[in-house]
Amino acid sequence: MQPRDLSDHVAYEAGRGIEEVARELGRNPSEFVKLASNENPHGPSPAATEAIRETAASVNGYPKAAHADLTEAIADQWGLVDAQIWLANGGDGAIDYLHRATVEPGEDVLVPDPGFAYYGMSARFHHGGVTEYTISRADGFAQTAETVLEHYDGERIVWLTSPHNPTGSTIALDDIEHVAAETGEDTLVVVDEAYGEFADRDSAVSLLEGRNGFDARDDVAVLRTFSKAYGLAGVRLGYAIVPEAWSEAYTRVNTPFAASELACRAGLAALEDDDHVNRTVETARESRAAMRDHLETHVWESEGNFVLAAVGDASAVAEETQARGVIVRDCSSFGLPGCVRVTCGTEAETERAIETLNAVLVDLDVQPAEVTEP
Ligand SMILES: *Cc1c(COP(=O)(O)O)cnc(C)c1O
């Protein structure tokens, strides 16, 4: 007995953790700072921590009321009806739900290259195929309707990431509308806004709801997560926002109780804590500006809580930076072997990352790269 043929499936490579790296190098975890997974440097909202503590004694029950309360709170925040909010086990869980709700065996989804690996992995779990559009370094990683439509060939879902991981670039709402208008009736355009809070832009929810001068559409969905700006990556909580006409499908595709009682209670508390989110966003803005100003290599403009830096041999640079105590993300697994991604840390962490990376670039004799900005 064997699993099914998984040779097309790519194993997910997560950013490396402090414990893992320290053990491997035989060092003390306290010597390291991790800027490899776009986590919140301020931790979770204290209100969320408190909610988790208070909920601990009642986790013998299935999450029903908490799920309903959180769905309603999120719907209120966006001015939507509850059924448009599909809570899930992280944004990744919401990616699964959207594939379950759309992809028939053998249908394809169109994903960005470079891009977030889980879109393709999830599509394959659901017996779909994967095609790619290129976000190209030669264009400064600009995202336009044309970059997507050029490669579109009737796929069931078009995945857009804005801000984009790992480049930090965004796509304008006009371009998203253009993609939705130019793609077929059976194509859903999903805008992954995992980093939406960090960008100075309107959400693509405007396109679903016909706000801000757009006509309402039933072929656009939006993905959000509590993992980044809310600092709740460890509890696994995210959601899809779907057109009203789709709402009924949720009960048919969701994994029962996948958003846990602890996650829902933490999410409810975090939603109320605007100060924590605002502080997080402010820290990210300052950190990415500092890295753009002070890293002695090209750093692309980013609207996320991370920046992409050109470093020549990313695997060598990431390894050496890590040996000096700063864990950054080698972007080879994203299809960008010449770049590392550095998460925005606190002011002190950012300073240390800049000093360490600059020293590594000198010591490894990395030559300035050819770069273009849009
Ligand atoms: C982090 C991330 C997600 C979602 O992550 P979860 O932890 O599963 O919520 C989705 N898309 C992108 C591009 C991300 O970087």
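The values are calculated or read from the model by the stated rules, or taken from the named source; none is laboratory data. The structure presented is a predicted model; accordingly, all values stated were derived computationally and were not measured. Every residue, glycine among them, receives a Cβ derived from its backbone with ideal geometry; neighbour counts consider all protein chains shown. Surface areas here come from the heavy atoms of the whole protein model, side chains and all, with no ligands, DNA or RNA. Shrake-Rupley method; radii C 1.70, N 1.55, O 1.52, S 1.80 Å.
Residues in the range 136-147 that are surrounded by fewer than 17 Cβ atoms within 10 Å (Cβ to Cβ), part of a helix (DSSP H, G or I) and without any contact (Cβ under 8 Å) to a residue 40 or more places away in the chain: GLU146 alone. Count, please, the residues in the range 1-24 that happen to be open to solvent by 70 Å² or more (accessible area, probe 1.4 Å) and either aromatic (Phe, Trp, Tyr) or outside any loop (DSSP other than H, G, I, E, B) (or both). Selection size over the range 1-24: 5. Just one residue in the set VAL158, VAL190, VAL205 is within 14 Å of the ligand (Cβ to nearest atom) and farther than 23 Å from CYS344 by Cα; that residue is VAL190.
Name the residue, out of ALA57, ALA75, ALA66, that is away from the ligand (no atom under 16 Å from the Cβ), hydrophobic (A, V, I, L, M, F, W, C) and touching a Lys or Arg at 6+ places or on another chain (Cβ under 6 Å).
After applying the criteria, what remains is ALA66.
Of all residues in the range 82-99, those satisfying the criterion of being surrounded by fewer than 23 Cβ atoms within 10 Å (Cβ to Cβ) and away from the ligand (no atom under 16 Å from the Cβ) are ASP82, ALA83.
Each row is one residue, and each column tells you yes or no for (1) within 16 Å of the ligand (Cβ to nearest atom); (2) of a type in the set (Lys, Arg).
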{"residue": "ARG211", "(1), (2)": "no, yes"}
{"residue": "THR255", "(1), (2)": "yes, no"}
{"residue": "ALA289", "(1), (2)": "no, no"}
{"residue": "GLU303", "(1), (2)": "yes, no"}
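Filtering the range 224-240 for residues that are open to solvent by 20 Å² or more (accessible area, probe 1.4 Å) and more than 16 Å from the ligand (Cβ to nearest atom) leaves an empty set. Every test in (1) open to solvent by 10 Å² or more (accessible area, probe 1.4 Å); (2) of a type outside the set (Lys, Arg); (3) in contact (Cβ under 8 Å) with a residue 24 or more places away in the chain is passed by GLU150 save one, and that test is (3). When the residues of the range 100-143 are filtered to those that are modelled with pLDDT of 95 or more, among the small types (Gly, Ala, Ser) and within 11 Å of ARG156 (Cα to Cα), the one that is nearest to the ligand (Cβ to nearest atom) is ALA123.
Among residues of the range 235-254 that are in contact (Cβ under 8 Å) with a residue 12 or more places away in the chain and under 18 Å from VAL189 (Cα atoms), those with a Cβ under 6 angstrom from a residue that is among the charged types (D, E, K, R) and within 16 Å of the ligand (Cβ to nearest atom), sequence gap 6+ or separate chain, pair up as TYR239/ARG224. Of all residues in the range 255-277, those being open to solvent by less than 30 Å² (accessible area, probe 1.4 Å) and without any contact (Cβ under 8 Å) to a residue 12 or more places away in the chain number 0. Does the range 43-54 contain any residue that is open to solvent by 40 Å² or more (accessible area, probe 1.4 Å), over 26 Å from ALA263 (Cα atoms) and modelled with pLDDT of 95 or more? No, the range 43-54 has no match at all.
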